[in-house]
Amino acid sequence: MGGPETRGRSIGLRACGCAAVGLLLLGGCTSGEGTEEGKAAGRTTAASPTPPTPAAVAPSPTGTVLSLVPALDESKQPRTPAEAHELLARIVIAEDALGPDVVRSAPFESDPGRWPVLDADCVWQTEGLPPDVLATNTRYFHIPAANGHGRVRINTTVTVHRDRTESGWETARAMEEVLRCPDQKLREGEHLKGLLGNSVYQGEQGNNWSEDAFNELGTHTEAGGGEPQRYFWYQAQFGPVTVAVAGKNAAGYAEDALMTLVVQGNSRMISQAKQALGKAAG
């Protein structure tokens, strides 16, 4: 998370949905729980889109699906803001991880001391970091307008909490925000409409790559008019870390192409989080 723009979370759960994350992770994008009350809060909407099971997740010889989530190495978990910032540096990605047409935006990074909050009127504001967050970073990218399409925007966010309980609560709150505010205001003249959310724990609906995954689907509108465009959001959790990628589409750009970039970025970051904090095999 980083600023109000970051937190208008939405993901196009089309034919791929969460399955795309599993497929990309199986392809090797890089080498290499929250509380029960909080999790229950993320499963209370019948309107949530339900992603299909990844067809490429091969069963083991015993017939069970192989997990891509290692055990968390508690000794590697950061305890101070300084340690958390060192971990962030190992997880965040640059534009080359998203695609050859993606470039940095200005500003490139969020204020590291600010945190987005959805107020009672469904308007995004920023506040100082809450006590459970050790460090957070949001980076802003875009695909310049060209070849008949408008400017496409992509944001990536990594947040390091004090423990996995707090990161689990972040995912639960994300679901609550969609239920409470299916229409949200990012800033003056920019809105999200008709948001739907889906939260999937490890082992459910083919999720074998994350302790908890959250997806959203909706549209966004901007000042100056124009047709509403798709807004995408993928979020995943491992231990005390959450990673997320948002994609804001533009007229003339294929939704499937943007979804691929969003999933690719999320897969890269969650893989790097597991490499940094997971126990070594064997």
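Key figures for this structure:
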quantity: Which numbered condition Arg104 misses (of (1) of a type in the set (D, E, K, R); (2) more than 22 Å from Tyr234 (Cβ to Cβ); (3) in contact with a helix residue (DSSP H, G or I) (Cβ under 9 Å, 6 or more places away or on another chain)); calculated: (2)
quantity: Test: residue in the range 211-221 that is at pLDDT 95 or above and within 14 Å of the chain's Cα centre (by Cα); calculated: no
quantity: Number of positions in the range 238-282 that are assigned to a strand (DSSP E or B), in contact with a Phe, Trp or Tyr (Cβ under 8 Å, 6 or more places away or on another chain) and not aliphatic (A, V, I, L, M); calculated: 3
quantity: Residue satisfying condition, being over 30 Å from Ala89 (Cα atoms), of a type in the set (S, T, N, Q) and surrounded by 17 or more Cβ atoms within 10 Å (Cβ to Cβ), within set Thr159, Thr171, Thr221, Thr242; calculated: Thr221
quantity: Residues that are surrounded by 13 or more Cβ atoms within 10 Å (Cβ to Cβ) and either of a type in the set (S, T, N, Q) or not in a loop (DSSP other than H, G, I, E, B) (or both), drawn from the range 69-89; calculated: Leu72, Lys76, Gln77, Pro81, Glu83, Ala84, His85, Glu86, Leu87, Leu88
quantity: First in the range 104-122 and farther than 24 Å from Met175 by Cα and among the basic types (Lys, Arg), second anywhere and modelled with pLDDT of 95 or more and assigned to a strand (DSSP E or B), Cβ under 7 Å, 6 or more apart; calculated: Arg104/Phe141
quantity: Selection count where residues are within 19 Å of Asn215 (Cα to Cα) and surrounded by fewer than 21 Cβ atoms within 10 Å (Cβ to Cβ), scope the range 265-282; calculated: 0
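The values are calculated or read from the model by the stated rules, or taken from the named source; none is laboratory data. Just so it is clear, the structure is predicted and the values come from calculations on it, not from any experiment. Cβ coordinates were reconstructed from backbone atoms using ideal geometry, including for glycine residues, and neighbour counts include every protein chain displayed.
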